[in-house]
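In what follows, a single structure is set out as structure tokens and then discussed.
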Amino acid sequence: MAIIYLDNAATTQVDERVLKKMFPFFTEKFANPATKWTSSISKEVDIYVEQARVDVASLIEADPDEIFFTSGGTESDNTALKGVALAMRENGNEIISTKIEHEAIIKPLETLEKMGFIIKFVNVDKYGFVDPDEIKNLVSKKTILISIMHANNEIGTIEPIEEIGEIAKENKIYFHTDAVQTVGHIPINVKQLNIDLLSLSAHKFYGPKGVGAIYIRKGTKIDPFMEGGGQEGGIRSGTLNTTGIIGLGEAAKITKKEMDFDGEKVKNIRNSLWKKIQEQIPGVFLNGAEMDKRLPGNLNFLVKGIRNEPLLVALNERGIIAGGGSACSAGSKEPSHVLKTIGINAEDLFSGIRMTIGKFNREEEIDIIVANLKDYVKKLRELSPSWKEG
Ligand SMILES: *Cc1c(COP(=O)(O)O)cnc(C)c1O
């Protein structure tokens, strides 16, 4: 059965060109770049790793020495929050964030709170947007860090991070953004956006899993999260994941060139899919921002009167892989904290469906998706006593 993969916000298929680039570094070029001063093969690997650093830096308009490789988005988020909090604790103990962040931000913030830091949450509106003016009101002399995601992984809403960066800069507060959903998909310029720290992850833009990076602006005070041999300028110890890093670099290089084209294609498929869903299925409602203010591939909607889990399982049986929220909350007993925060009614919290389009999706898939969705929604609603059409 051909698979129709609609969960590109959870992870993406590795681009063949990325895989091809990585391959030799598992076997003949397996050396550890740390021994580059004495070993010519290590030196060769090092050259590729440093090229990857240049390619990742170029994708977000940073300098290569501001890029530190990590194991992915989660580690970069933890490094940013805990690293800045510890390094800056003499200056203050307040951090500003939102309640719609990824768990990789929410959990470390809970830990920091237990350690005595105060987390101030800026509200989001029903589309998931934060209001920069509200951030201004939350800022105090004790604020050391603002951490607000670039775009939300569930509802796709793109936050006004340029304005937030401006506020952070005016108040001399560090600004971190979890840009795991945007890097590789929409253009980012960390200098123009006044970003001090940024998290990115390879597997969200057709690179391998388990590798990512944190951008740290030169001069930012931060303690290392992972301590040991002092790799990555002491910011991130541990033998480099050379294959992963080289894959990340290649994915960055490819997307820098092809992002506009792929983004347009992805957006067209998404828009046409949503149009047809609305035309053919009654009782569906968009969650999150309007189409041009959300990620190009993101669709998140409520299907009134059904629970998402049986619908997702049924679609999966026909080879259609969609999601119910984030990868972590799909199928869990807990409702999505994002839908909850944007004010979705309790009775609808388990009715959210997320379909996220990627560059490997095709126009021809749209009608198959809509036909199956329509079919199963009808069947499930017949079983549901609460659903009345019209
Ligand atoms: C996927 C994701 C993460 C986690 O990244 P990993 O590389 O999977 O650890 C963090 N934040 C956001 C917004 C994400 O979408």
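A few remarks follow.
- From the list ILE246, ILE214, the one residue that fits, being within 27 Å of ILE100 (Cα to Cα), open to solvent by less than 10 Å² (accessible area, probe 1.4 Å) and in the same structural domain as ALA85 (by TED's automatic domain parsing), is ILE214.
- For segment 349-390, a residue qualifies if it is among the hydroxyl-bearing types (Ser, Thr, Tyr) and closer than 27 Å to PHE205 by Cβ, and exactly one does: THR356.
- Criterion: β-branched (Val, Ile, Thr), touching an Asp or Glu at 6+ places or on another chain (Cβ under 6 Å) and farther than 30 Å from LYS256 by Cα - qualifying residue of ILE96, ILE105, ILE118: ILE118
- Any hit, segment 248-260, residues being more than 16 Å from the chain's Cα centre (by Cα) and not in a helix (DSSP H, G or I): no
- Residues in segment 338-349 that are in contact (Cβ under 8 Å) with a residue 12 or more places away in the chain and out of contact with any helix residue (DSSP H, G or I) (no Cβ under 6 Å at 6 or more places or on another chain): VAL338, LEU339, THR341, ILE342, GLY343, ILE344, GLU347, ASP348.
- Check on LYS379, open to solvent by 80 Å² or more (accessible area, probe 1.4 Å) and out of contact with any Lys or Arg (no Cβ under 9 Å at 6 or more places or on another chain): yes
- Residue satisfying condition, being in contact with a strand residue (DSSP E or B) (Cβ under 8 Å, 6 or more places away or on another chain) and either surrounded by fewer than 13 Cβ atoms within 10 Å (Cβ to Cβ) or not in a strand (DSSP E or B) (or both), within set ALA2, ALA10: ALA10
Results for (1) over 24 Å from ILE235 (Cβ atoms); (2) open to solvent by 20 Å² or more (accessible area, probe 1.4 Å), shown as yes or no for each residue.
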site	(1), (2)
ASN32	no, yes
VAL56	no, no
ASP63	no, yes
ILE100	yes, no
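- Selection of first residues in segment 8-31 that are closer than 10 Å to ILE246 by Cα and not assigned by TED's automatic domain parsing to the domain that holds VAL180 and of second residues that are open to solvent by 60 Å² or more (accessible area, probe 1.4 Å) and within 16 Å of the ligand (Cβ to nearest atom), restricted to Cβ pairs under 8 Å at least 6 apart or on distinct chains, gives an empty result.
- Of all residues in segment 63-70, at least one satisfies being in contact with an Asp or Glu (Cβ under 9 Å, 6 or more places away or on another chain) and in a helix (DSSP H, G or I).
Results for (1) out of contact with any helix residue (DSSP H, G or I) (no Cβ under 6 Å at 6 or more places or on another chain); (2) closer than 24 Å to ASN194 by Cβ; (3) assigned by TED's automatic domain parsing to the domain that holds GLY207; (4) surrounded by 19 or more Cβ atoms within 10 Å (Cβ to Cβ), shown as yes or no for each residue.
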position	(1), (2), (3), (4)
ILE47	yes, no, yes, no
GLU50	yes, no, yes, no
PHE68	no, yes, yes, yes
ALA80	yes, yes, yes, yes
GLY83	yes, yes, yes, yes
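- Checking LYS29, LYS20, LYS43 one by one, the residue that is assigned to a loop (DSSP other than H, G, I, E, B) and more than 19 Å from the chain's Cα centre (by Cα) is LYS29 and no other.
- Being closer than 22 Å to GLY263 by Cβ, surrounded by fewer than 24 Cβ atoms within 10 Å (Cβ to Cβ) and touching a residue at least 40 places away in the same chain (Cβ under 8 Å) holds for only one residue in GLN181, GLN192, and it is GLN192.
- Of all residues in segment 217-229, those being open to solvent by less than 70 Å² (accessible area, probe 1.4 Å) and either hydrophobic (A, V, I, L, M, F, W, C) or under 26 Å from VAL18 (Cβ atoms) (or both) number 1.
- Restricting attention to segment 187-233, the residues that are within 16 Å of the ligand (Cβ to nearest atom), over 12 Å from the mean Cα position of the chain (by Cα) and not charged (D, E, K, R) total 13.
- Residue list for segment 267-288, filter: out of contact with any helix residue (DSSP H, G or I) (no Cβ under 7 Å at 6 or more places or on another chain) and surrounded by fewer than 23 Cβ atoms within 10 Å (Cβ to Cβ): LYS267, ASN268, TRP274, LYS275, GLN278, GLU279, PRO282, GLY283, PHE285, LEU286
- Residues that are without any contact (Cβ under 8 Å) to a residue 24 or more places away in the chain, open to solvent by 10 Å² or more (accessible area, probe 1.4 Å) and within 13 Å of the ligand (Cβ to nearest atom) do not occur anywhere in segment 144-161.
The values are calculated or read from the model by the stated rules, or taken from the named source; none is laboratory data. Since this is a predicted model, take the numbers as computed values, not measurements. Heads up, the Cβs are rebuilt from the backbone with ideal geometry, glycines too, and the neighbour counts pull from every protein chain shown. What goes into the accessible areas is simple: the full protein's heavy atoms, side chains included, and nothing from ligands, DNA or RNA. Shrake-Rupley method; radii C 1.70, N 1.55, O 1.52, S 1.80 Å.
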